[in-house]
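Heads up: the structure comes next, in structure tokens.
The values are calculated or read from the model by the stated rules, or taken from the named source; none is laboratory data. All values derive from a computational prediction rather than experimental measurement. With ideal geometry, Cβ positions are generated from the backbone for all residues, glycine too; neighbour counts draw on all protein chains shown.
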Amino acid sequence: MSRPGGGAHRVDTDVLVIGAGLAGLAAARRMTAAGLTVRLLDKGRSVGGRLATRRMSGAVVDHGAQFFTVRGESLAAQVDDWTARDLVRVWCHGFDGSDGHPRMIGSRGMNSLAKDLAVGLDVHAPSMAVATRFDDLGHWEVTTDDGSSHRAGVLLSTAPVAQSFSLLFESVDGLPRDLFDADYDRTLGILLVLDSPSAVPPPGGLQNPTAELSFVADNALKGISEIPALTVHAGPAWSLEHWDADAAIVEAELSRLAAPFVGSAGVVEAQVKKWRFATPRRPWPEPCWVDERTRAVLAGDAFAGPRFEGAWESGLAAADAAVRLCR
Ligand SMILES: Cc1cc2nc3c(=O)[nH]c(=O)nc-3n(C[C@H](O)[C@H](O)[C@H](O)COP(=O)(O)OP(=O)(O)OC[C@H]3O[C@@H](n4cnc5c(N)ncnc54)[C@H](O)[C@@H]3O)c2cc1C
């Protein structure tokens, strides 16, 4: 295990994690429990990545992931812990016809789950990794946009795959070209705070309600907001077609598409949200990618499946790989 030492040879941490979204946080917790020192860097102001919750005009709005499902034992154990502390609860058992599988939500928004996982971790945010170097001593050095550098024995990146590829390709031989080509669907969305209840029926979620929209959520019916507020996500085709359109046009078009769900309510505040790396198109067949020589690991929902549980499982697989590499 490479431990921080003295002088020029020291590393700052056993493992440096790029990205404090769900995959990075799940990995960091498991590695910390295994006795490693871990530091996370995130370019965002705080942790969570696509587990994103915003306060707008007094409303609480989830604007990335809307809910999650649980199939594996490790996430089930975490959900039991969150449930006991009232951090998660069941939203419903399906939106259309209902397959009965519980749809779980963060009781105070999805981002609160990331914040909970981050308690006690060494998180540097905002701090964007802009360059990496694998040095002659076999250590990784990562430079961030504020000019700091961080040295570690293992580098674990959970950034969008093409970005991880760009950060690592000069040092890592045999990085599969397919990783660079792994693309993501985009999501354009609009968040609307309303002055009275929306026209969305209980339980407050509509999957693919129109040809253009992929999801509409009523955050009040969902139970995270006292004030009525909608999250309206456009589907990948519509999002790609309108990605470069003028912001005012996108807002007007999304407002028009959202109108049937707003109903007779008035709009108090509207915000457009863009997710460039919303959904990996073709998940990698392994739960993470490992370079044994340089001790570099790539993880995230592009590896174990493009959802909450995929990110979780990928983070845990990456943590197991990192623990092994540190031995
Ligand atoms: C609009 C939308 C709706 C969704 N709905 C659902 C849903 O209902 N159910 C579900 O299960 N899943 C949903 N998802 C998917 C789910 O949110 C993701 O699968 C999961 O959150 C991905 O976690 P991650 O850690 O792999 O990636 P991310 O959450 O994207 O984390 C990666 C982190 O890396 C950081 N980063 C990137 N580059 C750098 C860099 N150079 N330096 C430092 N930090 C960097 C980013 O800031 C980010 O925080 C949705 C996603 C979106 C966008």
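Tabulated values for the structure
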| item | result |
| --- | --- |
| Total residues in region 53-75, condition assigned to a loop (DSSP other than H, G, I, E, B), in contact with a strand residue (DSSP E or B) (Cβ under 7 Å, 6 or more places away or on another chain) and either closer than 18 Å to Ala220 by Cβ or modelled with pLDDT under 95 (or both) | 4 |
| Check on Trp284, modelled with pLDDT of 95 or more and within 16 Å of the ligand (Cβ to nearest atom) | no |
| Residues satisfying the stated conditions in region 288-308, i.e. surrounded by fewer than 21 Cβ atoms within 10 Å (Cβ to Cβ) and within 16 Å of the chain's Cα centre (by Cα) | Gly305, Pro306, Arg307 |
| Selected residue (criterion: surrounded by the most Cβ atoms within 10 Å (Cβ to Cβ)) from residues of region 88-111 that are among the small types (Gly, Ala, Ser) and not in a strand (DSSP E or B) | Gly94 |
| Candidate set from region 112-161 (those that are part of a loop (DSSP other than H, G, I, E, B) and aliphatic (A, V, I, L, M)); member that is surrounded by the fewest Cβ atoms within 10 Å (Cβ to Cβ) | Val119 |
| Helices (runs of 4 or more DSSP H) contained in region 235-314 and holding at least 1 residues without any contact (Cβ under 8 Å) to a residue 12 or more places away in the chain | 236-242, 247-262 |
